[in-house]
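Structure, as structure tokens:
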Amino acid sequence: MKRKQPASLGHGHHDETSTSNRFDRGKPTRSPFHLGFTETDVPQLFCQLDVLRRSEDGEYAYWKEKARWVRFEEIAESVLGRWSKPHVATLMQTALLDLKNLISSGVILLNVQPIDLAFLSQTIVQALIDAQYLDDTAHAQKLSWILGLPHFHHHEKRSVTKTASSISLTKQGLHASPSFVINSLSRRDDESDTAQDMSAPRLINSKPSNQDMVLTERDDSGTATTPSAKDYNTKLQRKLSRKTEGASVLICPVDFVKEQTIVFVRLENAIELLGMLEIKLYSRFIVLLIGPEESEKQLLQIGRTMATILTDDICREFAYTARSSEDVMQMMDRFMQDTYVIPPSEWDPSIRIEPPPKYMSKEERQSQAPEEKAGQVEEIDLTPHADPNLVASKRPFHGLFVDIRNKLPFYPSDFTDCASLQCIAATLYLYLVCLCSVVAFGGMLGAATENYMATMECILAASISGVVYALFSGQPLNVLSATGPMLILERIIEHLCKDYKVNFLEFRLWIGVWIFCLLFIFVAFNLSFLVKYITRFTEDCFASLVALIFIYDAVREIFGLRKKYPINYDADVPLNYTCLCMFNTTQKKVWTTILGANSYLLNTTTLNKTAQMACEKAGGQISGPGCSLPVYQPNVFLFCVLLFLFTFFICMTLQEFRQSSFFPTKIRTILGDFSVLIAIVLMSAWDTYLHLNTPKLKVPTEFKPTRPDDRGWLIPFFGRNPIWTIPIAIVPALIATILIFMDQQITAVIINRKEFKLKKKLGYHLDLFILSITILIQSLLGLPWFVAATVLALTHVNALKIMSENTAPGEKPKFEGILEQRVSALLMAILTGLSVFFTKILSYIPMPVLYGVFMFMGVSALRNMQIFDRVLLIFMPQKHQPDHPYLRHVRISRVHLFTGIQIISLAGMFAVKSVKSIAIGFPLLVLATCFVRKLMDQVFTQEELFWLDDILPGKNMGRVRRLSATRNVHIPKSASDIHNDESLTPALDSLDMNPFRNTTKDLRSIDEVGR
């Protein structure tokens, strides 16, 4: 049978031809199409594959859903309603080649404008007639009837065989109508008989009569019914975005054709074809694969290949923007270029490949060269990592004005974006954690400053600074709180004041004034641009130090309870608590006269600790075996350890539960968001039930200074200290300013990392200005200085991570960004200040539970740092090492060297912080890490630092090209090169390498790296 070239109906059903070269199909140049879609906003596709099935009497009766795709393939199992686990579609190479051949000779209908399925069926049949695939009127009419048969979906709670076995063409009401009788086939060649010609427009434009084809199912009474909402798979539809459109692949094995062919249909406007898809969607593509019945298995494999191509991110763009059959062939060529073949001897085809946790995005695939060849030119962007807004300026307050201008447009949305359950969970979580941190810090600060500043002062400082910072800062995700380095600084200042007999609070007030002035100068002269010299090396050192401090303090505090609640290892030995207060004869007569003969000190034989202290104060001596014997409290310490461990493991388990396979996504998300709150409530309830004397969270019940007799809420500037203390205060103020600047800006750099995908503008200068104001307020009120707390800020950010809600079956939720708003930090600060009014509830929380939360925060922060991954590599054989990008480009010995330098820097900071005599040098050591990173430019090449760290400012190497071997690694473009027409991987013969030879002389080739 002689076949014509494929029909290609363009807009308005006019044929379009293309003169492009077949060998150029892999590199198409396409413009936005008149469908209304561009390459960047094509909708997601739900693709369904249906197979034609017969009834018991042998007639074609219904379409049965066999498989479906959103991103991964799902196959309908034999059990009614059960789908296979989503898996990566493994395609046969022969099916891919067969599909390409069918498209090259098949029927391509683009921009069809049907009104319903009947109209679409007639269009498809007429196109097959025009292509001389069908030459019999009865066959054409029968195919049109077949296309109108009902579709049975796998999720429907009914047996397809029982329901459809009695369905025949006549029972479906598919009777021939006068408008569809074809008296003579339409032929487009010159030899055809045109006496009774029926052209495609004539057939297509004919209106179907009421008796043409019934598209809706009929019940037993013969009345037509339309699909209701319950007939659709609403559960699956909730996983898809609202813009999702449908595609149907119909496998049609029939006995009245002898050859295989394909009809590829794209609709001009997506319409709802009632009952065709299992989801209530508008259909955009219809693909009909028709062939002899004996080729059903081959057609099924071809259909799976077609469905996989349509759901591919890049190929879907080709399908939406194609103008002719040549563009559809380009879609096939691109898919084949990106396809890898698995050798048959190295895997079992019956095994379904699990969806990968991470796969290459569409942008990464598009930026790659279509083919990787040995000896290709690779380009690496060695430009500095700094934010373009962080530039030195001679204009005073230029950076501050720019930050305010950038933040103002986002200010309303900072309050409106918080309407979510996740924001409430983050607020409660952050409140409990910060309150515990403030209370614990207040206790240590009270001991270090003789209670001039203690828990009450810390609560007020957290509330005031938190409210001001949350309302006006440039990065409200930051959290101001007490930090270990600031505690060290406060202790040193108190010791200096005691040694020189200077009033502590007044001297500290002038230190705060000088800190405000210095930070104000930093803001005025735009010195926050120095932040660009803080690379990942310094970030990881400082952040991991703070995380380790959290872990160390949590473990230290829980084991410190052993002294307060000792364990009796000799439970079988009777305890003798005899303890007497002994006086000499003269003292006894004196105290008998003063205290009386019935005095407690004179007559008791079991003095407690308070009585022992009173005895020694009265001049007596304590004597007896029970004087030094501790008071044992059974089970308290061991139960505290259990509370600590269970809290930690509940938090970790519920956080990891987000990625598990149990329960729906919404439930897993809620459990993950409220993991800390759930752990605290469960462990507190367990502690309350057992009635053990465990240490509880203690919050002040009255709003007054800890030492109301010695101080008020407003500290005077003058009166208690000599005038010379005012200029002297600038010396500790300089050290404090360095520490505050480094602590604040390192935390800000960590929060503003590009991997967090923040969308709102940054504000380093504005942050420092607001912080200087809070420092001044806290100094005037005699409150501790609160700065950015790295671990708490990371905890805040992690609690506000946004994961994709509309995910395809089998696809892991994707990280989409952070819920950027001010409300959670603002409410946390307000609740902290109001804590004094609900101390009764907070007193039920055991301190070991909060220590477990501290442990969880430290571990969570440490696990997300690159230094932690590189430390694990030291103990890992090479064959078991994960596929980190830097391991592909940097020798493992160089990676270990970089990690070793970081560990030494980290250990040095921890040692200096821990030794009280030299702890004042801790801020300088943090600053020294930036200079250590500068010296590392002499040890490592810029390419190695590109993969392991960031490029420091001042390195003007730009983009470097060099020859390399084949590797499956993508190096993303910089933002400045998005509109550059130059390819990242130009042909070797078109590239002049001379300008780059001097630049790349210190870069090793991939072969050297491999050695």
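Structure values in brief
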quantity	calculated
Scope region 723-760; condition under 30 Å from residue 704 (Cβ atoms) and open to solvent by 10 Å² or more (accessible area, probe 1.4 Å); matching residues	726, 732
Any chance residue 881 is among the polar types (S, T, N, Q) and under 29 Å from residue 934 (Cβ atoms)	no
Criterion violated by residue 419 - all others in (1) modelled with pLDDT under 80; (2) over 21 Å from the mean Cα position of the chain (by Cα) satisfied	(2)
Residues within region 435-462 that are open to solvent by 20 Å² or more (accessible area, probe 1.4 Å) and not in a loop (DSSP other than H, G, I, E, B), tallied	6
Exclusive hit being closer than 29 Å to residue 834 by Cα, modelled with pLDDT of 85 or more, part of a loop (DSSP other than H, G, I, E, B) and not polar (S, T, N, Q), set 716, 722	716
Any chance residue 466 is open to solvent by less than 20 Å² (accessible area, probe 1.4 Å) and not aliphatic (A, V, I, L, M)	yes
Residue within region 856-875 that is over 25 Å from residue 753 (Cβ atoms) and not assigned by the TED database to the domain that holds residue 539 present	yes
Residue among 680, 728 that alone is at pLDDT 85 or above and out of contact with any helix residue (DSSP H, G or I) (no Cβ under 7 Å at 6 or more places or on another chain)	728
Identity of the residue in region 777-802, polar (S, T, N, Q) and open to solvent by 10 Å² or more (accessible area, probe 1.4 Å), that ends up nearest to residue 508 (Cα to Cα)	795
Residue count, region 135-159 (criterion: more than 18 Å from residue 52 (Cα to Cα) and open to solvent by less than 10 Å² (accessible area, probe 1.4 Å))	0
Flag for residue 953 being farther than 26 Å from residue 747 by Cβ and either modelled with pLDDT of 85 or more or part of a loop (DSSP other than H, G, I, E, B) (or both)	no
Helices (runs of 4 or more DSSP H) (entirely within region 310-391) containing at least 3 residues that are modelled with pLDDT under 85	362-367
Looking only at region 498-513, and only at residues there that are part of a helix (DSSP H, G or I) and touching a Lys or Arg at 6+ places or on another chain (Cβ under 8 Å), the one that is surrounded by the fewest Cβ atoms within 10 Å (Cβ to Cβ)	506
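Rundown of residues vs (1) of a type outside the set (Gly, Ala, Ser); (2) open to solvent by less than 30 Å² (accessible area, probe 1.4 Å); (3) touching a residue at least 12 places away in the same chain (Cβ under 8 Å), yes/no style:
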{"position": "804", "(1), (2), (3)": "no, yes, yes"}
{"position": "816", "(1), (2), (3)": "yes, no, yes"}
{"position": "819", "(1), (2), (3)": "yes, yes, yes"}
{"position": "830", "(1), (2), (3)": "yes, no, yes"}
{"position": "842", "(1), (2), (3)": "yes, yes, yes"}
{"position": "845", "(1), (2), (3)": "yes, yes, yes"}
{"position": "852", "(1), (2), (3)": "no, yes, yes"}
{"position": "874", "(1), (2), (3)": "yes, no, yes"}
{"position": "882", "(1), (2), (3)": "yes, no, yes"}
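Okay, residues lined up against (1) in contact (Cβ under 8 Å) with a residue 40 or more places away in the chain; (2) within 30 Å of residue 358 (Cα to Cα); (3) touching a helix residue (DSSP H, G or I) at 6+ places or on another chain (Cβ under 9 Å):
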{"residue": "78", "(1), (2), (3)": "no, no, no"}
{"residue": "86", "(1), (2), (3)": "yes, yes, no"}
{"residue": "92", "(1), (2), (3)": "yes, yes, yes"}
{"residue": "102", "(1), (2), (3)": "yes, no, yes"}
{"residue": "109", "(1), (2), (3)": "yes, no, yes"}
{"residue": "113", "(1), (2), (3)": "yes, no, yes"}
{"residue": "122", "(1), (2), (3)": "yes, no, yes"}
{"residue": "129", "(1), (2), (3)": "yes, no, yes"}
{"residue": "141", "(1), (2), (3)": "yes, no, yes"}
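The values are calculated or read from the model by the stated rules, or taken from the named source; none is laboratory data. Source: prediction; values computed, not measured. Positions of Cβ are generated from backbone atoms using ideal geometry, with glycine treated the same way; all protein chains shown enter the neighbour counts. Areas reflect the complete protein model, heavy atoms only, side chains present, ligands, DNA and RNA absent. Shrake-Rupley method; radii C 1.70, N 1.55, O 1.52, S 1.80 Å.
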